[in-house]
Amino acid sequence: MLTQLLQHQRKLALIGLGYVGLPIALEFARKMSVIGFDINDKRVQLMKNNIDPCKELTTEAFENTDISFTSNPEDLREATFFIVAVPTPIDEYNQPDLRPLISASTTVGKVLKRGDYVVYESTVYPGCTEEDCVPVLERESGLKCGPDFKVGYSPERINPGDKVHTLTNTMKIVSGCDAESLEVIAQVYEQVITAGVHRAPAIKVAEAGKIIENTQRDVNIALMNELSIIFNRMGINTYDVIEAAGTKWNFLKFYPGLVGGHCIGVDPYYLVHKAKQVGYHAHLIDAGRFVNDSMGGYIAKQTVKRILAADKHLSQSRVLVLGFTFKENVADVRNTKVADIVRELQSYRVNVDLVDPYANAEEVKHEYQIELKVQPEGRYDAIIVAVAHHEYREMKEVDFLKLAMETCLLVDVKGLYRNAIKELDYWSL
């Protein structure tokens with residue numbers, strides 16, 4: 001398999017060309033022939049013109065690659081090694097939404113042949129690949145996993161906006177349905193992952209390893225968020241506390257903040273769901289999710305309290321929110337918790353202006369029914385720096401004063417301007 005891929009006698013297919021799929025497809029396309037498949041033809045047309053719809057990769061990333069982009073499932077028949085990297089979101093009830101994954105499995109199953117490999121990268125709960133995906137592949141192909149085709153799992157570790165910890169220099173977990181498939185899958189990934197691969201003993205182990213990466217971060221951030229609520233009532237700055245505690249060698253420096261996006265804010269719900277299936281209520285994980293999902297509303301309420309304390313009428317007050325994406329320096333607005341801040345403020349009839357140098361106004365309007373302005377307009381009673389974009393990190397108090405009413409509150413969600421604000425009323429988590 002590997003030799004034929006490297007000699008361009010066989011093709012590798014990447015299903016799902018978002019933040020995860022496109023970088024992987026392009027990296028493999030430097031070594032072998034790749035078919036990049038996505039159901040969104042508008043995105044496919046952009047990629048055919050060397051444009052990353054996610055705005056993460058430059059046009060240079062497409063150079064010197066052997067890749068063809070398509071939205072036609074029939075083109076996948078040419079492939080023998082399939083990598084599935086579609087989203088695994090949650091629904092309105094915080095339950096796993098496997099529809100993209102099942103749809104991708106159906107598409108692959110229809111073109112699957114004897115001797116083919118299918119590797120999943122989408123984050124799922126332990127057991128999902130073998131219990132939910134493999135039956136679809138078998139049903140659609142009429143083949144049997146093991147004797148006819150092989151399946152593996154290699155969780156994605158893409159960190160949007162991170163130019164230091166990249167795809168190639170981050171160790172990759174790989175797994176297979178048997179010893180043979182494990183070795184083949186490991187060898188394929190070793191062609192592009194310079195940091196090496198970790199061979200997990202079972203697919204479920206690889207699935208669990210991925211999901212606890214984000215669950216661990218979620219629970220730790222939830223602890224910091226809860227501490228910030230407690231310390232706020234005591235008049236203590238949480239960042240000062242973390243700095244003091246951080247002088248101990250074994251203290252782990254997690255910080256309070258908004259936990260959104262399609263990883264940390266979603267993946268723990270998959271583990272909670274699976275825990276219930278096996279008869280256990282994940283108390284700690286569930287509590288962490290509750291705390292983190294509540295922080296947007298909490299920040300808005302604290303802002304409202306301070307506006308009222310300044311003897312201002314809420315319906316006549318103007319608040320500027322800087323930043324809307326789920327994390328700094330990326331364009332992704334999926335599951336952003338800044339939306340909770342905006343909606344909570346609007347529920348108090350506060351007038352809210354929202355700006356973000358990275359977010360797409362049409363996407364924000366479509367997904368959240370919230371207007372995104374090009375730039376601030378006039379002066380404000382409160383300014384909330386919700387996302388630590390590079391542009392906002394560079395701002396000084398004088399920049400905020402130009403946007404401020406005579407009395408104005410600066411809400412510093414990420415603690416960027418601690419000890420640097422003298423004239424504005426200041427509050428942070």
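The values are calculated or read from the model by the stated rules, or taken from the named source; none is laboratory data. For clarity, every value in this text was computed on a predicted model and none was experimentally measured. Please note: Cβ atoms are built from the backbone with ideal geometry, for glycine as well, and neighbour counts cover all protein chains shown.
Restricting the search to the range 314-345, which residues are among the β-branched types (Val, Ile, Thr) and either within 13 Å of the chain's Cα centre (by Cα) or in a loop (DSSP other than H, G, I, E, B) (or both)?
Thr325, Val330, Val333, Thr336
Can you tell me which residue in the range 405-419 is surrounded by the most Cβ atoms within 10 Å (Cβ to Cβ), limited to those that are more than 15 Å from Asn232 (Cα to Cα) and touching a strand residue (DSSP E or B) at 6+ places or on another chain (Cβ under 9 Å)?
Per the criteria, the residue is Leu409.
Tally up the residues in the range 104-120 that are of a type in the set (S, T, N, Q) and crowded, with 24+ Cβ neighbours inside 10 Å, please.
The total comes to 1.
Between residues in the range 277-295 that are in a helix (DSSP H, G or I) and residues that are buried (at least 18 other Cβ atoms within 10 Å of the Cβ) and aliphatic (A, V, I, L, M), which pairs lie under 6 Å by C-beta distance while being six or more apart or on different chains?
Every condition considered, the pairs that remain are Ile285/Val272; Asp286/Val272; Gly288/Val219; Gly288/Ala222; Val291/Ala222; Asn292/Ala222; Asn292/Val259; Met295/Leu258.
Being in contact (Cβ under 8 Å) with a residue 24 or more places away in the chain and of a type in the set (Val, Ile, Thr) is the filter; apply it to the range 212-261 and report the residue that is farthest from Pro126 (Cα to Cα).
Among residues in the range 212-261 that are in contact (Cβ under 8 Å) with a residue 24 or more places away in the chain and of a type in the set (Val, Ile, Thr), the one farthest from Pro126 (Cα to Cα) is Thr238.
Among the residues of the range 13-32, how many are crowded, with 21+ Cβ neighbours inside 10 Å and either over 25 Å from the mean Cα position of the chain (by Cα) or not assigned by TED's automatic domain parsing to the domain that holds Tyr189 (or both)?
1
Matching residues to (1) under 30 Å from Leu403 (Cα atoms); (2) touching a Pro at 6+ places or on another chain (Cβ under 7 Å); (3) at pLDDT 95 or above:
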residue: Gly257; (1), (2), (3): yes, no, yes
residue: Pro268; (1), (2), (3): no, no, yes
residue: Arg289; (1), (2), (3): no, yes, yes
residue: Asp293; (1), (2), (3): yes, no, yes
residue: Lys301; (1), (2), (3): yes, no, yes
residue: Val330; (1), (2), (3): yes, yes, no
